[in-house]
Amino acid sequence: MTTADASAPSPVAIWTTIVVLLVAIEAVDVATGPYVVLATFYLLPVGLAAWYLGRPPAVAVALMAGAGGLVAAHLDPGEMGEALVVWNNAVRLVTYLAFVWVVTAQRDSSRRLETLASTDPLTGLANRRHFFETAAGTLARLGTAGRPIALLYLDVDGLKQRNDELGHDAGDAMLQEVAGALVSMGAVVAARFGGDEFCALLAPCDLDGGEAKARSLIATLANDPTPPIGVSVGVVAGPPTGHTIDDLITRADTLMIEAKRSGKGTVRSSSL
């Protein structure tokens, strides 16, 4: 469950910056003539495109940067002959394209590491650390506004039995089914906390809404997968002012245990 970085500039802002940089560098390049080398400065818009927009747009920007340098060189080649102008600009273009490959490879590697650090590898949901980070920000934002949140803490019923009877692949498939159902709920963040326990934060969402989501989740897992899956769910909901995410998880976990003791496949809930 990974998404684009919400803090990244918009594509329109990035393209605007790139165009402004290209025009500015080209203008200085033309004005200063062939004896002031500005080739390195073109790497800035090329690098921005590579990091934020990806390889194909960055290749287009690299070609524009190469064309800009070629135009500047042809307008005032100085004492350089035509062959030298072409050679210099070919080398510049190759450098820009190589820079695109280096930057995009580094970006992809960085994003893969971020995903590994924040995602449960089996289900694709957030891991515990990422859940706490995202949920804490949501609580701070909605707590200030006085808007309600709902936290669902659930335990999968019968995972050990399925592992024992059908094998661990079947148990893994069971957990993946639960993860898929959680994703379909539209939670702010859903996470696997380890083993057979999951947590989801819904916002804004009051107690009635949280209970309805929990019951819908139970019904979905009881009817859609084959064999059916049972879950026990604890729900806490209300304005989160004065509460930490640890408080909410502790209370929801306690309610989940009560639901499990009452016969499994049920919901227990409480207002904040």
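Residue-wise test of (1) over 17 Å from Lys264 (Cα atoms); (2) small (Gly, Ala, Ser).
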{"residue": "Leu217", "(1), (2)": "no, no"}
{"residue": "Leu221", "(1), (2)": "no, no"}
{"residue": "Thr226", "(1), (2)": "yes, no"}
{"residue": "Ile229", "(1), (2)": "no, no"}
{"residue": "Ala237", "(1), (2)": "yes, yes"}
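When Met256 is tested against (1) closer than 19 Å to Leu217 by Cβ; (2) in contact with a strand residue (DSSP E or B) (Cβ under 8 Å, 6 or more places away or on another chain); (3) in a loop (DSSP other than H, G, I, E, B), exactly one condition is not met: (3).
Would it be correct to say that Ala181 is part of a loop (DSSP other than H, G, I, E, B), within 25 Å of the chain's Cα centre (by Cα), assigned by TED's automatic domain parsing to the domain that holds Ser262 and under 25 Å from Pro121 (Cβ atoms)?
Working: part of a loop (DSSP other than H, G, I, E, B): no; within 25 Å of the chain's Cα centre (by Cα): yes; assigned by TED's automatic domain parsing to the domain that holds Ser262: yes; under 25 Å from Pro121 (Cβ atoms): yes.
The answer is no for Ala181.
Out of the residues in the stretch 29-49 meeting the condition of being of a type in the set (Phe, Trp, Tyr) and at pLDDT 80 or above, tell me which one is nearest to Arg92 (Cα to Cα). Checking each candidate, the answer is Tyr42. Close contacts from the stretch 15-44, counting a first residue that is of a type in the set (S, T, N, Q) and a second that is surrounded by fewer than 17 Cβ atoms within 10 Å (Cβ to Cβ), with Cβ to Cβ under 6 Å and a gap of 6+ residues or different chains, come to none at all.
Looking at Ala222, Ala187, Ala170 in this structure, which one is modelled with pLDDT under 95, crowded, with 22+ Cβ neighbours inside 10 Å and either over 26 Å from the mean Cα position of the chain (by Cα) or not in a helix (DSSP H, G or I) (or both)? Walk me through it before giving the result.
Details: Ala222 fails: crowded, with 22+ Cβ neighbours inside 10 Å; Ala170 fails: crowded, with 22+ Cβ neighbours inside 10 Å.
Sole residue among the options that is modelled with pLDDT under 95, crowded, with 22+ Cβ neighbours inside 10 Å and either over 26 Å from the mean Cα position of the chain (by Cα) or not in a helix (DSSP H, G or I) (or both): Ala187.
On the basis of being among the hydrophobic types (A, V, I, L, M, F, W, C), over 24 Å from Glu177 (Cα atoms), in contact with a helix residue (DSSP H, G or I) (Cβ under 7 Å, 6 or more places away or on another chain) and not assigned by TED's automatic domain parsing to the domain that holds Arg192, does Val103 make the cut? Yes, satisfied.
Residue-by-condition table, conditions (1) buried (at least 17 other Cβ atoms within 10 Å of the Cβ); (2) part of a helix (DSSP H, G or I); (3) at pLDDT 90 or above; (4) more than 31 Å from the chain's Cα centre (by Cα):
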| residue | (1), (2), (3), (4) |
| --- | --- |
| Ala58 | yes, yes, yes, no |
| Val61 | yes, yes, yes, no |
| Gly68 | yes, yes, no, yes |
| Trp87 | no, yes, no, yes |
| Ala98 | no, yes, yes, no |
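Every residue, every condition in (1) hydrophobic (A, V, I, L, M, F, W, C); (2) surrounded by fewer than 15 Cβ atoms within 10 Å (Cβ to Cβ); (3) modelled with pLDDT under 90; (4) closer than 23 Å to Arg261 by Cα, yes or no:
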site	(1), (2), (3), (4)
Leu122	yes, yes, no, no
Thr134	no, no, yes, no
Leu142	yes, no, yes, no
Arg162	no, no, yes, yes
Arg192	no, no, no, yes
Asp206	no, no, no, no
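Screening Ala181, Ala173, Ala237, Ala214 for residues that are out of contact with any Lys or Arg (no Cβ under 8 Å at 6 or more places or on another chain) and free of Cβ contacts under 8 Å to residues at least 24 places away in the same chain leaves exactly one candidate, Ala173. Ala237 satisfies every condition listed in (1) farther than 18 Å from Asn127 by Cα; (2) out of contact with any Cys (no Cβ under 8 Å at 6 or more places or on another chain); (3) at pLDDT 90 or above except (2).
The values are calculated or read from the model by the stated rules, or taken from the named source; none is laboratory data. What you see is a predicted model, and the numbers here were worked out from it, not measured in a lab. Cβ sites come from the backbone with ideal geometry, for glycine too, and all protein chains shown count toward neighbours.
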